[in-house]
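Chemist: Shown below is the structure under consideration.
The values are calculated or read from the model by the stated rules, or taken from the named source; none is laboratory data. These numbers were taken from a predicted model, which means no experiment stands behind them. Methodologically, a virtual Cβ is constructed for each residue, glycine included, from the backbone with ideal geometry; neighbour enumeration extends over all protein chains shown. Areas reflect the complete protein model, heavy atoms only, side chains present, ligands, DNA and RNA absent. Shrake-Rupley method; radii C 1.70, N 1.55, O 1.52, S 1.80 Å.
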Amino acid sequence: MQKPLFPPGFAALIVAAGRGQRMGHPEPKQWHDLGANGRTVLDHAIDSFAGAERTVVVLHAEDMVRGVERFGGRVTLVTGGATRQDSVLAGLSVLEGSGIGYVLIHDAARATCPPEVIAGVVDALSAGADAAAPGVAVSDALWRGHQGQVAGTVPRAELFRAQTPQGFRLNIALAAHRAAARHTAADDVELVRAMGTPVTITAGSDDNLKITRPGDFNRAERILAARRIAADHAASDGGTQATDTTPADGRGADTKDGAMDVRLGNGFDVHAFGPGDHVTLCGVRVEHDKGLVGHSDADVGMHALTDAIYGALAMGDIGRHFPPSDPQWKGADSAIFLRHAVGLAASRGLRIGNADVTLICERPKITPHAPAMIAALAEIMSVTPDRISVKATTTERLGFAGRSEGIAALATCTLIGGDR
Ligand SMILES: Nc1ccn([C@@H]2O[C@H](COP(=O)(O)OP(=O)(O)OP(=O)(O)O)[C@@H](O)[C@H]2O)c(=O)n1
Ligand SMILES: C[C@](O)(CO)[C@H](O)COP(=O)(O)O
């Protein structure tokens, strides 16, 4: 039998009261969907600590109502403060006198924390450490910069990137946070060290990403997708099923009986011509005497293909996942959308079977560029090029495409789960 992740007496404290200003999105990042079946960043973070004796989640006052609706009864909800440090103290305070011996303090924004990172902290505390936290040794050279110029190189031999969960004896964490009062620290480890308590460094992971800026959601999706694929392989090799990401709503590939599960989706998109000197089609820049108008890079072929994947997943379309009203997608590389759709499929145990894209226009001529387009799509979708087709047709000069007012694209894609 597998050893439980948490011995008795361990609590998880997840801080989720930030506003995600660096993400620049109106909704704080912890409430964003991540992976499949409507699970949010915060859901993932909470689920990572399943099995802890208690879980305390610190929320912003404005989020309390939705927090109670979503988690009521499962976790203890506490209102946070103006800074992360204030939020941690609010969470620690409710654990005082509860009989809890150790607390693991974790950022909700670290939604993809691997179980082994948590286990490393728990093991260090169980072995007698008063405090332990994961770090990743810095492997790049480090510069100091001044006015856009390299001003020096910083020795990196003893440098680590600090991660969470940071684990402590509860009384030590409480005392350190209370003593801190007006001292603002980078993290909980800094406060505990200020009291003279040594902190053991345990193994962190590059997969323990703190979702902070636009682009981090895609990285997090890829981490979850890779984990899902590894779990599938382990299961089909007769190994043990890794933790995660089987969708709780049962909408993922049902492979329990080994049956093959094939999903088919279609997508259609149109972009009008406007001023410009090139168009981007299926990831390839094609010189032309006009451009295509759109909120993103207007890659009509890639949009149709992305919608075909969302269609096969029965998960809406690009507009649902990447609202055109959101300024962060202005001029965006459409590969972001396609990668997201492929990642969603993978997180549900579905891989790309094949994809077929038809571009509909009089000009530019597509055939000379089709091999490059196939290669670009195959690379983004992590499949071999023989699974991708890009072809073109005209409408015999009929309709808007025939009048060269724009380009339309049609795409079909199959997703396959179950037997390989
Ligand atoms: N007053 C605050 C500020 C932050 N946090 C939490 O601390 C973690 C790490 O903070 P960070 O990644 O900086 O999140 P935000 O503060 O939301 O982001 P930003 O600094 O970009 O606004 C997050 O899970 C965040 O919700 C918190 O509970 N209370
Ligand atoms: C606690 C932490 O995650 C350790 O790396 C980090 O200090 C929190 O970062 P923030 O962005 O300053 O809130």
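Chemist: Would you tally the residues in the range 200-235 being within 12 Å of ligand 2 (Cβ to nearest atom) and surrounded by 20 or more Cβ atoms within 10 Å (Cβ to Cβ)?
Modeler: Qualifying residue count for the region: 3.
Chemist: Of the residues Gly99, Gly135, only one is open to solvent by less than 70 Å² (accessible area, probe 1.4 Å), farther than 29 Å from Met23 by Cα and more than 16 Å from ligand 1 (Cβ to nearest atom); which?
Modeler: After applying the criteria, what remains is Gly99.
Chemist: Looking only at the range 359-379, which residues are farther than 11 Å from Gly283 by Cβ and open to solvent by 20 Å² or more (accessible area, probe 1.4 Å)?
Modeler: Ile360, Glu362, Arg363, Lys365, Thr367, Pro368, Pro371
Chemist: If a residue has to be touching a helix residue (DSSP H, G or I) at 6+ places or on another chain (Cβ under 7 Å) and within 16 Å of ligand 2 (Cβ to nearest atom) to count, how many in the range 26-48 make the cut?
Modeler: 5
Chemist: Of all the residues that make up the range 41-96, how many are open to solvent by less than 10 Å² (accessible area, probe 1.4 Å) and among the polar types (S, T, N, Q)?
Modeler: 1
Chemist: Hey, among the residues in the range 105-119 that are of a type in the set (A, V, I, L, M, F, W, C) and more than 16 Å from Leu42 (Cβ to Cβ), which one's surrounded by the fewest Cβ atoms within 10 Å (Cβ to Cβ)?
Modeler: Step by step, filter the range 105-119, then rank; the result is Ala119.
Chemist: Then there is this: Hey, does the range 14-23 have a residue that's away from ligand 1 (no atom under 14 Å from the Cβ), part of a loop (DSSP other than H, G, I, E, B) and under 30 Å from Gly99 (Cβ atoms)?
Modeler: No; the residues of the range 14-23 include none that is away from ligand 1 (no atom under 14 Å from the Cβ), part of a loop (DSSP other than H, G, I, E, B) and under 30 Å from Gly99 (Cβ atoms).
Chemist: Take the range 24-47 and flag every residue that is within 13 Å of ligand 1 (Cβ to nearest atom) and small (Gly, Ala, Ser).
Modeler: If the condition is that a residue be within 13 Å of ligand 1 (Cβ to nearest atom) and small (Gly, Ala, Ser), then Gly24, Ala45 are the ones that fit.
Chemist: Would you please name the residue that is surrounded by the most Cβ atoms within 10 Å (Cβ to Cβ), looking only at residues in the range 149-199 that are among the charged types (D, E, K, R), more than 16 Å from ligand 2 (Cβ to nearest atom) and in contact (Cβ under 8 Å) with a residue 40 or more places away in the chain?
Modeler: The selected residue is Arg169.
Chemist: Within the range 328-342, take every residue that is of a type outside the set (Lys, Arg) and in contact (Cβ under 8 Å) with a residue 40 or more places away in the chain and give me the one that is farthest from Leu264 (Cα to Cα).
Modeler: Filtering first and then ranking leaves Gln328.
Chemist: Gly128 versus (1) within 16 Å of ligand 1 (Cβ to nearest atom); (2) not in a strand (DSSP E or B): which is the lone unmet condition?
Modeler: Gly128 satisfies every listed condition except (1).
Chemist: With respect to Ala111, is the statement that it is in a helix (DSSP H, G or I), closer than 21 Å to Phe49 by Cα and touching a residue at least 60 places away in the same chain (Cβ under 8 Å) true?
Modeler: No; evaluated as a whole, the condition is false for this residue.
Chemist: How do the pairs read when you match residues in the range 202-214 that are within 11 Å of Ala109 (Cβ to Cβ) with residues anywhere that are more than 10 Å from ligand 2 (Cβ to nearest atom), using Cβ under 6 Å and keeping only pairs 6 or more apart or on different chains?
Modeler: Filtered contacts from the range 202-214: Asn208/Cys113; Asn208/Val117; Leu209/Thr112; Leu209/Arg219; Leu209/Ala220; Ile211/Lys29; Ile211/Ala220.
Chemist: Which of the residues that make up the range 380-408 are in a helix (DSSP H, G or I), open to solvent by 40 Å² or more (accessible area, probe 1.4 Å) and touching a residue at least 40 places away in the same chain (Cβ under 8 Å)?
Modeler: Phe400
Chemist: I've got another one for you. Return the total of residues in the range 281-298 being basic (Lys, Arg) and modelled with pLDDT under 95.
Modeler: 0
Chemist: For the range 260-283, enumerate the residues that are at negative phi and open to solvent by less than 20 Å² (accessible area, probe 1.4 Å).
Modeler: Scanning the range 260-283 gives Gly265, Gly267, Gly274, Val279, Leu281.
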